[in-house]
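Please read through the structure below; I'll follow up with questions.
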Amino acid sequence: MLEVKNVVKTYISGDGGQFQALKGVSFKIEDGEFVAIMGPSGSGKSTLMHILGALDNPTSGAYFFNDKNVADFSEDELADLRKNKIGFVFQQFNLLPRATVIRNVMLPLVYAEVEEKEREERATLALKAAGLEESRFEHRPNQLSGGQVQRVAIARALVNNPVLILADEPTGNLDTKTGKIVLETFQKLNQEQGRTIVLITHEREVAQHAGRVISIRDGELVNDAKTRV
């Protein structure tokens, strides 16, 4: 599904200085894998996440999505990729505080001009897949626990049936117990539905919930190994 080939990302500062966030990173991710990309702060993992999410371009090297070089995509094709092929889950939940749970999940379908009845049906299925109790669907985010809110965010990422779920530090605002429940939700989506998931984290304990861990440090890939999950 995904392949990065010798990807380099260089940032230019205001005084003309250069900082190389990624230094020739290469790997492939196959359909149905659950992969954690792990590294400390400043390792380049966030830069890599932005490239995988088609939110930024490499300075050199190439990023292929389903065998197509993303550098060749038009702006409309990039927008379609982000809207319909990739589901994003962030550390900051980014839910609308005044909208109900189901309305929050339906929102991407509004932009996709899906009819209201189908929006509600698809949002209901996504919320159930993310493991949220149906009794919570009409609640607002401030009436939910942190773990429940993150499950809503996962459902919103699922509602367009993306081929890839990209999760950026999804447990960063959660306590350990709640974070484990959210990670088990990702495992279930991967194992029972075959969802391809890429999880960005700085925590080894979080990364071990994935089936494979790619470790980066100082902009370079330093390890790529299967876990026992």
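Condition test on residue 223, is it touching a Pro at 6+ places or on another chain (Cβ under 8 Å), surrounded by fewer than 21 Cβ atoms within 10 Å (Cβ to Cβ) and either at pLDDT 90 or above or of a type in the set (Lys, Arg) (or both)?
So residue 223 fails the test.
For the list (1) touching a His at 6+ places or on another chain (Cβ under 9 Å); (2) within 18 Å of residue 189 (Cβ to Cβ); (3) of a type outside the set (A, V, I, L, M, F, W, C), I need the number of the one condition that residue 100 fails.
(2)
Okay, residues lined up against (1) at pLDDT below 95; (2) more than 24 Å from residue 211 (Cα to Cα); (3) surrounded by fewer than 20 Cβ atoms within 10 Å (Cβ to Cβ); (4) among the polar types (S, T, N, Q):
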| residue | (1), (2), (3), (4) |
| --- | --- |
| 26 | no, no, yes, yes |
| 29 | no, no, no, no |
| 40 | yes, no, yes, no |
| 49 | yes, no, no, no |
| 56 | yes, yes, yes, no |
| 61 | no, yes, yes, no |
| 64 | no, no, yes, no |
| 67 | yes, no, yes, no |
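Among the residues of region 30-80, which ones are in contact (Cβ under 8 Å) with a residue 24 or more places away in the chain and assigned to a helix (DSSP H, G or I)?
Across region 30-80, the qualifying residues are 45, 46, 47, 48, 49, 51, 52, 78.
Then there is this: Touching a residue at least 60 places away in the same chain (Cβ under 8 Å), more than 16 Å from the chain's Cα centre (by Cα) and closer than 25 Å to residue 169 by Cβ, is that true of residue 99?
Judged against the criteria, residue 99 is not a match.
To continue, here is another question. What is the residue count in region 169-209 for residues that are acidic (Asp, Glu) and either free of Cβ contacts under 8 Å to residues at least 12 places away in the same chain or in a helix (DSSP H, G or I) (or both)?
Number satisfying all stated conditions: 3.
Restricting attention to region 160-180, does a residue exist that is within 26 Å of residue 65 (Cβ to Cβ), crowded, with 19+ Cβ neighbours inside 10 Å, under 13 Å from the mean Cα position of the chain (by Cα) and among the small types (Gly, Ala, Ser)?
Yes, region 160-180 has at least one match.
The values are calculated or read from the model by the stated rules, or taken from the named source; none is laboratory data. Please read all numbers here as calculations on a predicted model, not as lab measurements. FYI the Cβ positions are ideal-geometry reconstructions off the backbone, even for glycines, and counts take in every protein chain you see.
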